[in-house]
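The values are calculated or read from the model by the stated rules, or taken from the named source; none is laboratory data. Since the structure is predicted, the reported quantities are computational estimates derived from the model, not experimental observations. No Cβ is skipped: glycine too gets one built from the backbone with ideal geometry, and neighbour counts run over all protein chains shown. Accessible surface areas use protein heavy atoms only, side chains included; no ligands, DNA or RNA. Shrake-Rupley method; radii C 1.70, N 1.55, O 1.52, S 1.80 Å.
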Amino acid sequence: MSKSETRITKISTSPKVKGFTESCLVQIAGPNPGKRFVLSQREYTVGRDPECDIVVDLDNVSRRHARFTLRNNRVYVEDLGSTNGTFVEPKPGEIKEETELRPGDFVKVGGGLFKFLSGNDLESLYFEEIYRLTILDGLTQVSNKRYLMEFLEREMGRCHRYGRALSLLMFDIDHFKQINDTQGHLAGDQVLRDLAQTVRARIRKEECFARYGGEEFCVVLPESGPDKARTFAEKIRKMVEDHPFAFEGKPIPVTVSMGVADLTSDMTEPLQFVKVADANLYKAKKGGRNRVVG
């Protein structure tokens, strides 16, 4: 079996649950983003073992990692003694006992992330989730690079046309590789998700916050002006520095370096804009990190 393969095997001997509200899992992150697993049997095991009902062939997934159980018109998940644990978000921390799922919950199984959907119109819910996958980053649930570039192209055209200000903030996590190497990739994933949600709370609806790739993020600020953009960048830098990041109870100090760029008349393509912000981010890194440059 390919290392990137995820599949589901139906258990023909297990009777379907009668009268059960339609439910499914949608893989958000892992080998097959967008793959749907309809929950119509009483029990499903998830793991790396080919005999599992839902196979997630990733190194940080245990052979038998977790189990989903359908009971009394509800869906529950429990960890099966896995090495890296099972997490249900937005609940905090690793689950220690069987946990009931609510529509919209995320279930993290090693490097695999599933979203639980349940309702009378499951087909519509599923296709809505597929659309979200095209514009959202699976891990952090903020806008992805594709949406960012489309947003930049649209806003650059508008701001050029009407003579409006437009600023771009680009930042990444200082020494992120060290976090992964010393705390593990699950801790790194937790830091990325926590940072994304922390920053997103400060983003207005007319702005764009996106994961550019890896540990890099961007914020697009239409009509804020250079001074306000730099003030906002410094607030984000300080907010991240002061935030109590942690994984499994262990604190993880996190800081970010940030580059700021302003739209100029000669910038006609989004990549030109990004290149200037990225160059200033590089200067922030070279200048000692945990600072704003631009």
Over all pairs of different Cα atoms in segment 160-294, the reciprocal of the mean inverse distance gives a Kirkwood radius in Å of 15.3 Å
Please tell me which of these pairs span more than 31 angstrom C-alpha to C-alpha: Lys205/Lys250; Lys96/Lys238; Lys145/Lys238; Lys35/Lys285; Lys91/Lys283; Lys91/Lys205? Lys205/Lys250; Lys96/Lys238; Lys35/Lys285; Lys91/Lys283
Roughly how many debye, to the nearest 20, is the charge dipole of segment 172-294 about its Cα centre, given +1 on each Lys and Arg Cβ, -1 on each Asp and Glu Cβ, and no other charges? 280 debye
Measuring with a 1.4 Å probe in the full set of protein chains, what accessible area per residue, in whole Å², belongs to the chain? 49 Å²
Rounding to the nearest 20 debye, state how big the charge dipole of segment 40-128 is about its Cα centre with +1 on each Lys and Arg Cβ and -1 on each Asp and Glu Cβ. 180 debye
Label point 7 Å out from Glu153 along Cα-to-Cβ: which residues of segment 265-282 have amide N under 12 Å? 269-271
Applied in sequence order to segment 282-287, the curve 6.51 cos²θ - 1.76 cosθ + 1.60 (Karplus, θ = phi - 60°) yields integer Hz couplings, x standing for Gly and Pro, of 4, 5, 5, 5, 5, x
Using the Cα centre of segment 192-294 as origin and beta-carbon charges of +1 (Lys, Arg) and -1 (Asp, Glu), tell me which of Val274, Met239, Leu221 is placed farthest towards the positive end of the dipole. Met239
Residue farthest toward the positive end of the dipole of segment 90-169, with Cβ of Lys/Arg at +1 and Asp/Glu at -1: which of Gln141, Ile95, Ser167? Ser167
Run the dipole for the chain about the Cα centre, Lys and Arg Cβ at +1, Asp and Glu Cβ at -1, nothing else charged, and hand back the magnitude in debye, nearest 20. 200 debye
Let me check I have the definition right: for segment 109-203, take the eigenvalues of the Cα gyration tensor, multiply each by 5, take square roots. What are those semi-axes in whole Å, largest first? 28, 24, 10
For a paramagnetic label modelled at 7 Å from the Cα of Glu22 toward its Cβ, which residues of segment 92-127 fall within the zone defined by backbone nitrogen distances under 16 Å? 103-104, 116-127
Considering only C-alpha atoms, what is the centroid distance from segment 255-294 to segment 175-221, in Å? 17 Å
Counting all Cα-Cα pairs in segment 235-294, those more than 12 Å apart amount in percent to 69 percent
FRET efficiency (His160, Asp227; Cβ distance; R0 25 Å; to 0.05) is 0.75
Counting only protein heavy atoms, what percent of the accessible surface of the chain is carbon or sulfur at a 1.4 Å probe? 48 percent
If you average 1/r over all unlike Cα pairs in the chain and invert the result, what Kirkwood radius do you get in angstrom? 20.7 Å
Note: Lys250 to Glu269 extended length (0.36 nm per residue) minus current alpha-carbon separation gives 2.5 nm
Nearest 10 degrees, 0 to 90: what angle lies between the long axis of helix 145-162 and the longest principal axis of the chain (Cα atoms)? 30 degrees
For Lys177, which aspartates and glutamates qualify as cross-link partners when the Cα separation must be under 18 Å and same-chain residues fewer than eight apart are set aside? Asp189, Asp194, Glu215, Glu216, Glu241
